[in-house]
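Working notes, beginning with the structure itself.
The values are calculated or read from the model by the stated rules, or taken from the named source; none is laboratory data. Keep in mind the model is a prediction, meaning the values are calculated, not measured. Heads up, the Cβs are rebuilt from the backbone with ideal geometry, glycines too, and the neighbour counts pull from every protein chain shown.
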Amino acid sequence: MRWLIRIVLGLLLLSALAAGSLFALYESNKVVIPDLAKSSVIDSRRAEGAPSGPIARATDRLEQLRREIGYPGVSAAVAVDGTVVWQEARGWASLERKAPAKIDTPFAIGSVSKTLTAAVAMKLAERGALELDADIRKYLPSFPQKEHVITARQLLSHQAGIRHYNFALSPPTFSEFGATEQYDRVADSLTVFANDPLLFKPDTNFAYSSYGFNLLSAVMEAAAGKPFLDLMQAELFTPLELAGTGPDDKRRPVPGRASDYQNMLRDGAVIPAPFTNSSGKWAGGGFRATPTDLARFGAALLRGDVVGQETLQMMFTPRKLANGKVNPQDYALGVRVDQITDEAFPGKTWRAVHHGGVAVGSQAMLVMLPDQKIVVALSMNATTQPPARGMFDAATDIAVLFAEGR
């Protein structure tokens, strides 16, 4: 028993020393967010005839989000009936450069990338280039054969049994989430997890997996006969004129891209986020975009400009497990689907199709209300510990404001 006590005490001592070192590191690197109490740096635009009441309240909600969480910059865009009616950016894209956030400032969007990827996968499926229920080895025979067949549909819904990021001894992120390796081909990035066993028999369980979307992107490449990034550009970014959207390659940052920060203590200061490399996760978490681009993408998706309504309905229907129950995250194909409520409107609900994203140093949220044809996109240039639910609450609050017209 004495040896166990000594080990525990030793671990506690090491933890205390590590905490002290991390605090010292934080204090020496932190950057104070100016004017956090009230934004003085604002870039805003509204369409002619846009509803003034919802915009005024949405502005207040965006400012509240920035203050309460402590983001250097926040940016939002809202589309109603297919048209972007309001865009606003508050705070700072870069604290070091004293560069204000603009409505055309690109942010890393993390896992919102999955929804963009899923839209193109559904385009391929709609025209017969990709069979959603075929063995992925039909397209990718080089992928190691598992004990069970894996399909694109299962990858799209996180029901394939592919693992997510592992813990890694690589400070400061201590996870494969913060990997820095460069992969010049999607196929090369699969080596990280390709030989690992499945977590479960596909469709018997649910396990959120960005690596599953990596695998999906390799399947999409093979089905389309085109490199994944070229495929996304040709099928989505160019047709919808999403000029601020593309791979978030930090080795070649696009002009004006928001700097990345980490909000550790909610004390009105942040520290610069460490360098990461998105080449190992383009499809599942490696894109950057402006909120305006995301709102326009959502609007195009809802009006049938990306895929037809039958395919869209499939994409927006939560998948069931083999036991007949819907998976625990109400995950469909590249999106989550929920019924949301708002205490200001007791007894009312709205169907919300959404996806959030967290990258090392930024967060994003895309919310669509298909029945009201409303899309809300938010981006913030800091991650919080733990990740904040506030962005989802803010996005749904804003969506309801526009749905109810006040």
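Please find, within segment 28-50, the residue that is nearest to ALA77 (Cα to Cα) out of those that are of a type in the set (Asp, Glu) and assigned to a loop (DSSP other than H, G, I, E, B). Result: GLU48.
Yes/no matrix, rows are residues, columns are (1) more than 20 Å from the chain's Cα centre (by Cα); (2) closer than 22 Å to GLY280 by Cβ; (3) touching a residue at least 24 places away in the same chain (Cβ under 8 Å):
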site	(1), (2), (3)
ALA125	yes, no, yes
GLU131	yes, no, no
SER142	yes, yes, yes
GLN154	no, yes, yes
GLY161	yes, yes, yes
GLU181	yes, yes, yes
ALA194	yes, yes, yes
SER209	no, yes, yes
ALA224	yes, yes, yes
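As for segment 93-111, it holds no residue that is of a type in the set (Lys, Arg) and crowded, with 20+ Cβ neighbours inside 10 Å.
Considering the conditions (1) in contact with a strand residue (DSSP E or B) (Cβ under 9 Å, 6 or more places away or on another chain); (2) modelled with pLDDT under 95; (3) of a type in the set (A, V, I, L, M), ALA37 is excluded by exactly one of them, (1). Listed by position, the helices (runs of 4 or more DSSP H) contained in segment 204-320 that have at least 1 residues being closer than 30 Å to LYS102 by Cα and modelled with pLDDT of 95 or more are 210-224, 228-232, 282-285, 291-302.
Taking the stated definitions as given, is LEU366 outside any strand (DSSP E or B) and within 15 Å of the chain's Cα centre (by Cα)? In short, no.
Selection over segment 68-117 of residues that are in a loop (DSSP other than H, G, I, E, B) and not charged (D, E, K, R) gives a count of 10. Just one of the listed residues (ALA47, ALA77) is at pLDDT 95 or above and over 22 Å from the mean Cα position of the chain (by Cα), namely ALA47.
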